[in-house]
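J.: To start, I am sharing the structure in question, which I have written as structure tokens.
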Amino acid sequence: MKKLILLLLCFCACSAFAQLKPPATPTVDSTDTYFGKTYKDPYRWLEHIKDTAVVTWFKQQADYSKAMLNNIKGRDELIAEWKKLDKLQPAQINERTYMKGRIFYRKTLPGQSVGKLYYREGVSGKEVLLFDPLTYIKGKTLSIQNFTPSFDAKRVAIAYSEGGAEVSTVQIMDVATRKFLKDKIYPTAGVESWTFDNKSVLYMWIKSADNKDPTARLNPKTKLHKVGGSTNDDLDFFSNGSYPDLKIDAKAYPYVGLSNDIKNYVLAGEGTVQPELKFYYAPISQFYSGKIQWKTLCTPADKLVRGMEFVGDRVFSITYDGAKNYKLLETSIKNPDWKHAKTIAEEKSDQTLEYITHCKDYVLMVYSDGINNHLLKYNVATGKTSAIKLPLSGTANVFCINNKTNECTAGITSWIKPYTEFEFNAATGVFTPGVFNKPPVYPAAYKNLAVKEVEVKGHDGVMIPLSIIYRKGTKLDGNNVCLMDSYGAYGISMAPSFNTLENALAIKGVVVAIPHVRGGSEKGEAWYRAGYKTTKPNTWKDFNSCAEYLIAQGYTQPSKLAGTGTSAGGVLISRAITERPDLYAAAICNVGCANAMRLEFSANGPVNIPEFGTVKDSTECRALYEMDGMQHVVPGTKYPALICICGWNDPRVVPWEPGKFAAAVQNASSSGKPVMLKVNYDNGHFTEDKNVTFANFADQFAFAMWQCGHPDFQLKK
């Protein structure tokens, strides 16, 4: 009898699980007409994110996905593996800032969920804890958005947020007492700079903390707050309102910077996702004048990208003007003239100039051959350029926290080499082990991984770089589960780095493939522009070409292949599976832009118009339609299994974008494979909180591995 009861209970539980279905999603007769063409939007009602019916729908989707995901084996084991690796990782020290002999930094100890703010007197000084976001407000896990010390290093302005919302409260701490002053500024998009007299801070004011308000981030302002004063008296220091003659667009973030590198001037800029720099400058004597006479330092027409460095009155910046792989220019801030600027480093035919920084005597230039970085130095006194040999191959993060010396730091990583930090002297080129960040020692299985770099012929004959990470001895018999991960936007390259989350799958025999699709800049500016607006289809077509290659070469087969794209990578993955659903067993659309035609109508949408386009332009409108995953969902199609993820506090991709795509595929797919929407109510676009991050990605990966037939990720009995 006992056995019978157990069998009946098991049958009921299994039957109940088998009968789980996503909540029904009704459609509405909603359309938009642009330039004579009508576009249907049957899920427009989901954009009313505060309506009770919509809130309920998201909650039902969350409950459905949770019930499904909690029944997959291997999920909790993944979290345990990542936590184990995290505890093997020595203390991580990031965002080092040097001021008046003091070094301020964020430090995350092994096993801790978020980093804390510390400082020390010099490299070898005693470490002092300033701010612990885990204990500051009882019952809440905060994270430090950014921080900046005053120029005398006696105070530090700290911007912190909750739940990945990226809406910050700014408070000011007295370093000596480690106590906050009475000042509290909210809502903000972070703190920007102190004034040179150390009496005021500049911060980015935003209209509202409501990430679901489409007007919340329009017309932001840099405001000036006097320490000890009321926020009601804060000055609109730089915005379209205070300087209407500059015609700052409503979508742009107008920011201000003061720096020891250029103490005779105040700098300002307009921030969007557009890569070309737009800067203004004025003599520092005008700072408190009430009305600054801004001069133009550069405009987008100068085609300057990837940052700017100031050495005295000399200004260095990277351009793609006549140089698809970029070159380095120099002009003078006294009379900037980029059209007749001096060329410091000509374009290289086989490498792209990634970024620059500087120390006391050198401008340091970091190049990439597509996989490995290379370091050169330019002597600002002699004009001589020479190479500095890096101690390891891979991706190098080169920086100098005190550029009044030649002492610098290089952190290097690759697909299968954990981040390793070195100190080096730019004058001598001598490297020594890093003082702050020590390399982790991971289990032997992680040393049994290999990498293969290949090039794949794309749909138009262009060769697409593809990085393949796999366990040594993997047979190319088509029976391997494979996870493909790419991005393809903003000119951001998929640079090699040791990814503990994905490498934990690789040691289980999963092939991890990283296509370097167009829209990134692995092959320079032309590579970026070949996956941009009207050329955006190359992004997902490159991804699909790499999928075909992996199948043809025996790395995997369609029934064992999963693809994932995050954020702007939502364009890639949503269009990859709507164009070639036959290639994939599963797909992950992680906080993804999957409804591109409606992106500009969200809070963070306008600032992204320079990258994707606007429906107000006939050509760009058509391009947005092409990159819109939801618009290309066809009823009756056998779509792969799909999990979409949204962050309820997401300020970048509003939850209804992946939500509408999930709803469309749920209603349309005839494959019988699960389609779900995971709603992270404790997250935004991402979060520093590792506990939340681990749980989030464990769900995603477990779902994909389950659908690809990996034996470690099947349904529980």
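The values are calculated or read from the model by the stated rules, or taken from the named source; none is laboratory data. Since we're looking at a predicted model, the values are computed, not measured. For neighbour counting, all protein chains shown are included, and Cβ atoms are generated from backbone atoms with ideal geometry for every residue, glycine included. Calculation scope for accessible area: heavy atoms of the full protein, side chains included, ligands and nucleic acids excluded. Shrake-Rupley method; radii C 1.70, N 1.55, O 1.52, S 1.80 Å.
J.: For the chain, what log10 I(q)/I(0) values come out of the Debye formula at q = 0.12 1/Å, with one point per alpha carbon and no solvent?
T.: Values, matching the q order: -1.61.
J.: Normalised by the residues of region 639-717, what does the relative contact order come to in percent, with Cα pairs under 8 Å and at least six apart?
T.: The normalised contact order for region 639-717 reaches 34 percent.
J.: Would you calculate a helix-derived [θ] at 222 nm for the chain, using -39,500 (n - 2.57) for each DSSP H run of n ≥ 4 and dividing by the full residue count, to the nearest 500?
T.: -5500 deg cm²/dmol
J.: Over the Cα atoms of region 106-178, compute the convex hull volume and normalise it per residue, giving Å³.
T.: 100
J.: Next up: Is the shape of region 458-518 best called rounded, prolate or oblate, per the rule: a/c under 1.5 gives rounded, else a/b larger than b/c gives prolate, else oblate, with a ≥ b ≥ c the square roots of the Cα gyration tensor eigenvalues?
T.: Judged from the Cα gyration tensor, region 458-518 comes out oblate (a/c at least 1.5, b/c at or above a/b).
J.: Please work out the Cα convex hull volume for region 379-487 and give it in Å³ per residue.
T.: Value for region 379-487: 182 Å³ per residue.
J.: Taking all pairs of distinct Cα atoms, average 1/r, flip it, and tell me the Kirkwood hydrodynamic radius of region 551-708 in Å to one decimal place.
T.: Averaging 1/r across every pair of different Cα atoms and inverting gives 15.7 Å.
J.: Lysine pairs in region 324-400 with Cα distance under 16 Å, only those 8 or more apart or on different chains: how many are there?
T.: 12
J.: At a threshold of 8 angstrom on Cα-Cα distance, excluding pairs fewer than six apart, so keeping six or more, what relative contact order does region 395-535 reach in percent?
T.: Computed over region 395-535, the figure is 20 percent.
J.: Antiparallel as a % of all DSSP beta bridges within the chain, to the nearest 5?
T.: 85
J.: What is the Cα convex hull volume of region 161-293 when expressed per residue in Å³?
T.: 134
J.: Return the aspartates and glutamates within reach of K184: Cα separation strictly under 14 angstrom, same-chain partners fewer than 8 residues apart disregarded; answer none if there are no such residues.
T.: Here the aspartates and glutamates satisfying the reach criterion relative to K184 are D174, D233, D234.
J.: Let me ask something additional. Round to the nearest 10 and report in Å² the accessible area of Y253, as given by a 1.4 Å probe over the protein chains' heavy atoms.
T.: Near enough 40 Å² of accessible area.
J.: Using the Cα gyration tensor of region 334-409, with a ≥ b ≥ c the square roots of its eigenvalues, what is the shape: rounded (a/c below 1.5), prolate (a/b larger than b/c) or oblate (neither)?
T.: Because a/c hits 1.5 or more and a/b fails to exceed b/c, region 334-409 counts as oblate.
J.: Compute the separation of the alpha-carbon centres of region 369-437 and region 693-717 and state it in Å as a whole number.
T.: With region 369-437 and region 693-717 each reduced to a Cα centre, they are spaced 39 Å.
J.: OK, next. Ordered by packing density, taken as the mean number of other Cβ atoms within 10 Å over each peptide's residues, highest first, how do 602-612, 115-125 rank?
T.: By packing density, highest mean first, the sequence is 602-612, 115-125.
J.: Same structure, new question: Over region 499-637, average the accessible area per residue using a 1.4 Å probe and give it in Å², no decimals.
T.: Result: 23 Å² per residue.
J.: Could you tell me the center-to-center distance, by alpha carbons, between region 443-464 and region 494-510 in angstrom?
T.: A separation of 12 Å, based on Cα centres.
J.: Highest mean first, how do 226-235, 517-526, 370-379 rank when packing is the count of other Cβ atoms within 10 Å averaged over residues?
T.: Most protected by this proxy first, the peptides run 517-526, 370-379, 226-235.
J.: Once you keep just the Cα pairs under 8 angstrom separated by 6 or more residues, what percentage relative contact order results for region 95-230?
T.: 14
J.: Once whole DSSP H runs in the chain are found, which of them have Cα atoms spread over 27 Å or more along the helix axis and a mean Kyte-Doolittle score of at least 1.6?
T.: Flagged H segments: there are none.
J.: Give me the number: length gained by fully extending N232 to Q286, i.e. 0.36 nm times residue separation minus the C-alpha to C-alpha distance, one decimal in nm.
T.: 17.1 nm
J.: Heavy atoms only, probe 1.4 Å: what % of the accessible area of the chain goes to carbon and sulfur, would you let me know?
T.: Carbon plus sulfur share of accessible area: 53 percent.
J.: Another question, then. Hey, with R₀ at 51 Å, roughly what FRET efficiency would S670 and S393 work out to, going by the Cβ-Cβ distance, to 0.05?
T.: Between S670 and S393 the formula returns 0.60.
J.: Roughly how much of M494 is accessible, in Å² to the nearest 10, using a 1.4 Å probe?
T.: Approximately 40 Å² of M494 is accessible to the 1.4 Å probe.
J.: How far is it, in nm, from the label point at S497 to the one at T296 when both lie 7 Å from their Cα along the line to the Cβ?
T.: 3.5
J.: Full extension from L129 to V273: what is 0.36 nm times the residue separation minus their Cα-Cα distance, to one decimal in nm?
T.: Contour length minus the Cα-Cα distance gives 48.4 nm.
J.: Past 19 Å, Cα to Cα, is the threshold; run K212/K660; K116/K140; K475/K717; K73/K560 against it and keep the listed order.
T.: With Cα atoms farther than 19 Å apart: K475/K717.
J.: Based on alpha-carbon centroids, what's the gap between region 185-214 and region 58-100 in Å, whole number please?
T.: 30
J.: How high is the FRET efficiency between K616 and K452 when r is their beta carbon distance and R₀ equals 41 Å, given to the nearest 0.05?
T.: 0.35
J.: A further question on this structure: Once both labels are modelled 7 Å past Cα along the beta-carbon direction, what's the K50-L109 spacing in nm?
T.: 4.2
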